[in-house]
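Peer 1: Below: one structure in structure tokens.
The values are calculated or read from the model by the stated rules, or taken from the named source; none is laboratory data. No experiment lies behind these values; they were computed from the predicted model shown. Here Cβ is always computed from backbone atoms with ideal geometry, including for glycine, and neighbour counts include all displayed protein chains.
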Amino acid sequence: MSVAAPPRTVVRRLPVAAEHFAFCPDNIWQGFGSIRTYADEAVTGSGHWGFWWD
């Protein structure tokens, strides 16, 4: 998914990461290990977000 204005603060990125987890938990369980790490490394400042399901 292309992202025009990704969140840049903790207050904004954690809720987005939680929504991603609800939509596609494999991103966190099989990729980053925690919602916080996912938020920090994949959500913040990224121009694209990827999702997959096993």
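Peer 1: Against the conditions (1) at pLDDT below 90; (2) surrounded by fewer than 16 Cβ atoms within 10 Å (Cβ to Cβ), where does THR44 fall short? Just the number, please.
Peer 2: For THR44, the exception is condition (2).
Peer 1: Moving on. Out of the range 1-15, which residues are in a loop (DSSP other than H, G, I, E, B) and closer than 13 Å to HIS48 by Cβ?
Peer 2: Listed by number, the residues that qualify are MET1, VAL3, ALA4, ALA5, PRO6.
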